[in-house]
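Here the structure comes first, spelled out in structure tokens, and everything after it is commentary.
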Amino acid sequence: MRTVRRGLAVALLAPLVLLLVGCSTGRGYAVPGKICGVKMPKDAIEPLLPDGEKLVQSLRWIGEDGKVKSCQVSVVDKTIAVDIDITDLDKPLTADDKRVSLKSLKHAKSVHLAGTHWTVQGDNQIHLSTPCGLDWADSLSFRFTFAKGEKGTEVTRRNTLRFAEEFVPGEKKEKGCPAH
């Protein structure tokens, strides 16, 4: 009798387990400790990463002079979760460049980010200029874009600014900028 009850319980629970497994979402990957080669706290990364099975990062240099580093973090078969462009500059971006960013980003506002010349934040983008102090890179320009509305993400102004606060000094340190 006990075997029949156990068999009946298993038979009743099996479809429920399959249903839950079939509907399960979430991350099938671990949150990385580095983004684009920069060591980052996982709590600064996690809210910006969507659900999915596998996370991939790609890094490439853009332009003939190799002054633009482009990095993308995406979940396989989904949109790009984090897109970062870093440009080595001979001089800082100007107030005119800041005005262009303020006009081009959706709901843009000037925000304070320590150690930068200026920072402009939109709904899911951040543009900024920061000192570097190297002969070949007096300053750096950062452009961050975060995928908004992807399942599992919390792309808020607070979360994107936190990401930039962690990433910018880490990248400057990786480059060897004395002004970090």
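The values are calculated or read from the model by the stated rules, or taken from the named source; none is laboratory data. Here the structure is a predicted model, which is why all the values come from computation and not from measurement. Glycine also receives a Cβ, built like all others from the backbone with ideal geometry; neighbour counts cover every protein chain displayed. These accessible areas exclude ligands, DNA and RNA; they are computed on the full protein's heavy atoms, side chains included. Shrake-Rupley method; radii C 1.70, N 1.55, O 1.52, S 1.80 Å.
Of all residues in segment 139-161, those being open to solvent by 40 Å² or more (accessible area, probe 1.4 Å), in a loop (DSSP other than H, G, I, E, B) and either among the hydroxyl-bearing types (Ser, Thr, Tyr) or in contact with a strand residue (DSSP E or B) (Cβ under 6 Å, 6 or more places away or on another chain) (or both) number 1.
Take Ala95 and decide whether it is touching a residue at least 24 places away in the same chain (Cβ under 8 Å) and touching a Phe, Trp or Tyr at 6+ places or on another chain (Cβ under 9 Å). Here the answer is no, as Ala95 does not meet what is asked. Within segment 128-143, is even one residue under 18 Å from the mean Cα position of the chain (by Cα), at pLDDT 95 or above, aromatic (Phe, Trp, Tyr) and over 19 Å from Asp97 (Cα atoms)? No, segment 128-143 contains no residue that is under 18 Å from the mean Cα position of the chain (by Cα), at pLDDT 95 or above, aromatic (Phe, Trp, Tyr) and over 19 Å from Asp97 (Cα atoms).
Evaluate the following for Ser58: is it among the polar types (S, T, N, Q) and open to solvent by less than 30 Å² (accessible area, probe 1.4 Å)? I'd like the intermediate steps shown before the answer.
Details: among the polar types (S, T, N, Q): yes; open to solvent by less than 30 Å² (accessible area, probe 1.4 Å): no.
No.
Going through (1) touching a Pro at 6+ places or on another chain (Cβ under 9 Å); (2) buried (at least 19 other Cβ atoms within 10 Å of the Cβ) one by one, Gly115 falls short only on (2). The C-beta contact set for segment 99-122 (first residue in contact (Cβ under 8 Å) with a residue 12 or more places away in the chain and part of a loop (DSSP other than H, G, I, E, B), second residue of a type in the set (Lys, Arg) and surrounded by fewer than 16 Cβ atoms within 10 Å (Cβ to Cβ), distance under 6 angstrom, 6+ apart or interchain) comprises Gly122/Lys106. Summed over segment 39-48, residues that are open to solvent by less than 30 Å² (accessible area, probe 1.4 Å) and in contact with a Pro (Cβ under 9 Å, 6 or more places away or on another chain) total 2.
Of everything in segment 61-102 that's polar (S, T, N, Q) and within 26 Å of Gly149 (Cβ to Cβ), which residue is most open to solvent (accessible area, probe 1.4 Å)? Can you show your working first?
We begin by selecting, within segment 61-102, every residue polar (S, T, N, Q); these are 70, 72, 74, 79, 87, 94, 101.
Imposing the further condition that a residue be within 26 Å of Gly149 (Cβ to Cβ) reduces the set to 70, 72, 74, 79, 101.
Values: Ser70: 5, Gln72: 50, Ser74: 23, Thr79: 72, Ser101: 3 Å².
Among them, the one singled out is Thr79.
Candidates in segment 21-79 are the residues that are among the charged types (D, E, K, R) and under 20 Å from Phe142 (Cβ atoms); of these, the one that is nearest to the chain's Cα centre (by Cα) is Lys34. Close Cβ contacts (under 6 Å, 6 or more residues apart or on different chains) running from residues in segment 127-152 that are in contact (Cβ under 8 Å) with a residue 12 or more places away in the chain to residues that are of a type in the set (Asp, Glu) and open to solvent by less than 50 Å² (accessible area, probe 1.4 Å) comprise Ala137/Asp88; Arg143/Asp85; Thr145/Asp83; Lys151/Asp51; Gly152/Asp51. Taking Gly52, is it under 25 Å from Pro178 (Cβ atoms), modelled with pLDDT under 95 and of a type outside the set (Lys, Arg)? Judged against the criteria, Gly52 is not a match.
Within segment 44-68, being in a strand (DSSP E or B), out of contact with any Gly (no Cβ under 8 Å at 6 or more places or on another chain) and farther than 20 Å from Trp118 by Cα holds for Leu55, Val56, Gln57, Ser58, Arg60, Trp61, Ile62.
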